[in-house]
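For reference, the structure discussed in these notes is given below.
The values are calculated or read from the model by the stated rules, or taken from the named source; none is laboratory data. Since we're looking at a predicted model, the values are computed, not measured. Neighbour counts run over all protein chains shown; Cβ positions are idealised from the backbone, glycine included. What goes into the accessible areas is simple: the full protein's heavy atoms, side chains included, and nothing from ligands, DNA or RNA. Shrake-Rupley method; radii C 1.70, N 1.55, O 1.52, S 1.80 Å.
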Amino acid sequence: MTDTNGFDHVVDVLIVGSGGGGMAAALTAHTCGLDALVVEKASYFGGSTALSGGGIWVPNAPAQRREGYSPDPEGVVEYLLRITEGLVSEARIRQYVESAPKMLEFLEGLSSWFEFVWKPSYADYYPELPGGSELGSTINVPAIDLRKLGPDEELMLKPLALAPRGIWLGPKDLRTFYRIRQSWAGKGVLLKLIWRMFKARAFNERMAAIGQSLVARLRLAMRDNGIPLWLDAPMIELLTRADGSVSGAVVERGGAKQRIGARRGVILASGGFDHDLAWRKEQLPVVDHDWSFGNPVAMGDGIRAGEKVGAATDLLDEAWWCPAIQWPDGRMQFMLNERMMPSQFIVNGAGKRFINEAAPYMDFGHAMIDGQKPGITHIPCWLITDHRSWTRYVVGGHLPLPKIPGTPVPTGRKIPKAWLESGVVKAATSWDEMATKIGVPAAELRATAARFNELARKGHDDDFNRGDSVYDNYYGDPTLPNPNLYPLGDRPYYAFRIVLGDLGTSGGLRTDEHARVLRPDGTIVSGLYAVGNTSAPVMGRSYAGAGATIGPAMTFGFVAAKHLASQA
């Protein structure tokens, strides 16, 4: 729409979206002396960041340096250039590597709400590559009592599946907890959870960790700095001047449309098109279900608005893929630690393994997509394990403990009846019976099981090298010579149905190293910036390490606001 002035409201910078990228941009713009306004389509703030694990991938972060660890920036640049395989400009990659630590340093200096801690030993996803790190660069925030938000507590986007009060696990707890049968430390985390439940009930604590804590801290800092946030205020369209530059946006608020002028520019941080299934099927037909973990209102509004003013897009067929379980009630569960368990293998519709099961989830998703295209079913595929694993490891949220009545998660030796009745899990006492139940050739499944057990007894996966990477080992069993390999033996066998989930789409508007939106010919759409899942990813089709979505979103929010503030 062409701008003819007559604005209802004017600010220096209009930010569309209240996730990590949008709020980081708002705080930066405000600190640069600009009048910032954040508008949010939903009735809740936080976006997909609020639903996330809350990790922020930032090599050379202040939290790392405080611990005496400083990854070489040139090595990190080399690492990112390698995994993005030419899809991302070196200028964007260098901007990220240089600006991400500055962004965290800025936030720490801005507000006491920001406490960033490093979680060493959660390796980058390709630690064996030059510039990759076995210690990792995932930065987190501690848990926070949501009562500090006051009335804003009810306005923060909550996960679809809420844990009982007091049940929360920080990033450092999770790995230990998964070893509940292997270590006393794991049992200690269980005692910690019981104590947390008691405290929550006794003192009315409302503690939250990971993405909820990160979003709460960003909101508290915004509030302390007097930055306005409009909820239930969707952007309808961008406004442009006669020369094509962006001057503001039309926003709907209270049932009326308002023309918001932006003197310096508009930053789109409204997420991807996670739940627009028609658009997604157009881009990637093999994905024909809504299995996204992303913000429920993420429908690609910012990307569409950018396209209407001449912006180019890139990688719209891409998402932050992750294998997942869809439970009978429709709830999605990320399948992460199960794929690193030693006594399991995953088969496609031909009854064959097709990947290192413990591979980074983005790679696993690509293998499902690529395998599906020739006509062999990979969506869904099946994780097959045995009864020994069921009673030894955390599988599908089940705790390998004696039956405890009234617990919020399954316990005991038996597979929950509802899981079996729904078909999400199959049980069988022989490979032939299992093959029939999951619809794969019996001879192939028998051969796959025999081959896997042979490799597991030998201690090395000659077929797919599972366990060779330090990343593979993270949620494996440290009591074994190869934490990711052990033969299957104890019947019955169980098969878990795996579908192709995602943390949100990752393709979007093409941007330069300053987060400025570009046209197809490479020229700049003046006054328009895009960050997070509204922009094409600085990670290309890859994923550098835990937090490689939120890290770039917050960093380029910071970069966009700084650049916008520098313009006359």
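Before moving on, here are some points about what is shown:
- If you go through region 147-189 and keep only what is modelled with pLDDT of 80 or more and farther than 30 Å from Gly476 by Cβ, you end up with Arg147, Lys148, Leu149, Gly150, Pro151, Asp152, Glu153, Glu154, Leu155, Met156, Leu157, Lys158.
- Near pairs, Cβ below 9 angstrom, 6+ apart or cross-chain, from region 31-49 (part of a helix (DSSP H, G or I)) to any residue that is surrounded by fewer than 24 Cβ atoms within 10 Å (Cβ to Cβ) and not small (Gly, Ala, Ser): Thr31/Phe106; Thr31/Leu110; Thr31/Asn225; Gly47/Val297; Ser48/Phe293
- Filter pass, Gly248 being free of Cβ contacts under 8 Å to residues at least 24 places away in the same chain and of a type outside the set (Val, Ile, Thr): no
- Helices (runs of 4 or more DSSP H) wholly inside region 139-256 containing at least 3 residues that are surrounded by fewer than 18 Cβ atoms within 10 Å (Cβ to Cβ): 184-203
- If you filter region 355-374 down to residues that are in a loop (DSSP other than H, G, I, E, B) and charged (D, E, K, R), you find that the one that is farthest from Ile180 (Cα to Cα) is Lys373.
- Matching residues, region 321-354, being modelled with pLDDT of 95 or more, part of a loop (DSSP other than H, G, I, E, B) and more than 26 Å from Asn482 (Cα to Cα): Gly349, Ala350
- Search result, residues across region 457-490 that are touching a Pro at 6+ places or on another chain (Cβ under 9 Å), open to solvent by 10 Å² or more (accessible area, probe 1.4 Å) and in a helix (DSSP H, G or I): Arg457, Val470, Asn473
- Exclusive hit being of a type outside the set (D, E, K, R), under 22 Å from Met335 (Cα atoms) and not in a helix (DSSP H, G or I), set Thr448, Thr407: Thr407
- Some residue of region 546-558 being part of a loop (DSSP other than H, G, I, E, B), hydrophobic (A, V, I, L, M, F, W, C) and either within 22 Å of Gly46 (Cβ to Cβ) or open to solvent by less than 30 Å² (accessible area, probe 1.4 Å) (or both): yes
Residues are listed down the side, and each one gets a yes or a no for (1) more than 30 Å from Gly371 (Cβ to Cβ); (2) within 20 Å of the chain's Cα centre (by Cα); (3) modelled with pLDDT of 95 or more:
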{"residue": "Ser506", "(1), (2), (3)": "no, yes, yes"}
{"residue": "Thr511", "(1), (2), (3)": "yes, no, yes"}
{"residue": "His514", "(1), (2), (3)": "yes, no, yes"}
{"residue": "Asp521", "(1), (2), (3)": "yes, no, yes"}
{"residue": "Ile524", "(1), (2), (3)": "yes, no, yes"}
{"residue": "Ala530", "(1), (2), (3)": "yes, yes, yes"}
{"residue": "Met539", "(1), (2), (3)": "no, yes, yes"}
{"residue": "Tyr543", "(1), (2), (3)": "no, yes, yes"}
{"residue": "Thr549", "(1), (2), (3)": "no, yes, yes"}
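- Filter pass, Gly412 being open to solvent by less than 50 Å² (accessible area, probe 1.4 Å), of a type outside the set (S, T, N, Q) and out of contact with any helix residue (DSSP H, G or I) (no Cβ under 9 Å at 6 or more places or on another chain): yes
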